[in-house]
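Data block below; observations after.
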Amino acid sequence: MKKRIVLFIAFVAVIAAVTLNGCGASEKLTSKIGAQLWSENCLRCHNAPDPADYSDEQWEVIGVHMKLRANSLTDMEVSKVVEFMKSAN
């Protein structure tokens, strides 16, 4: 239950940040690895949770959610970030 609350709060914060700051990805991001995409794109808009906070399946859902909400990464870039987060948990 605690993880769901934290995830919900994180998503609300991301939505607010994207709305207020216009978070968008650069065309140059397509050639970067997951760690680079995570540090340069995700962290611009919000503080990311510890990778160990979520299971591999949860990171998959988070990746899809962020793709839809932030609309700033391609499917390939989201896949790279999710794989990086899964490898770090």
Requested in this report: Collect the residues in the range 45-63 that are closer than 20 Å to S31 by Cα and surrounded by fewer than 14 Cβ atoms within 10 Å (Cβ to Cβ), keeping them in residue-number order.
Outcome: none
Query - When residues of the range 48-73 are limited to those that are under 21 Å from Q36 (Cβ atoms) and not in a helix (DSSP H, G or I), the one nearest to the chain's Cα centre (by Cα) - result: A48
Requested in this report: Report, by residue number, each residue of the range 75-89 that is at pLDDT 90 or above and either of a type outside the set (D, E) or closer than 17 Å to N47 by Cβ (or both).
Outcome: M76, V78, S79, K80, V81, V82, F84, M85, K86, S87
**Report entry** Answer residue from the range 42-74, given it is among the polar types (S, T, N, Q) and more than 16 Å from A88 (Cβ to Cβ) and is modelled with the highest pLDDT among those
**Finding:** T74
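Please verify whether the range 75-87 includes one or more residues that are of a type in the set (D, E, K, R), in a helix (DSSP H, G or I) and touching an Asp or Glu at 6+ places or on another chain (Cβ under 6 Å).
Going residue by residue through the range 75-87, those that are of a type in the set (D, E, K, R) are 75, 77, 80, 83, 86.
Pick out the ones that are also in a helix (DSSP H, G or I) and you get 75, 77, 80, 83, 86.
Still in the list and also touching an Asp or Glu at 6+ places or on another chain (Cβ under 6 Å): 86.
Yes.
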Requested in this report: For V18, work out the one condition from (1) part of a helix (DSSP H, G or I); (2) at pLDDT below 80; (3) surrounded by fewer than 18 Cβ atoms within 10 Å (Cβ to Cβ); (4) of a type outside the set (F, W, Y) it doesn't fulfil.
Outcome: (3)
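The values are calculated or read from the model by the stated rules, or taken from the named source; none is laboratory data. Predicted, not measured: the structure shown is a model, and the values here were computed from it. Ideal geometry is used to build each Cβ from the backbone, glycine not excepted, and the neighbour counts take in all protein chains shown.
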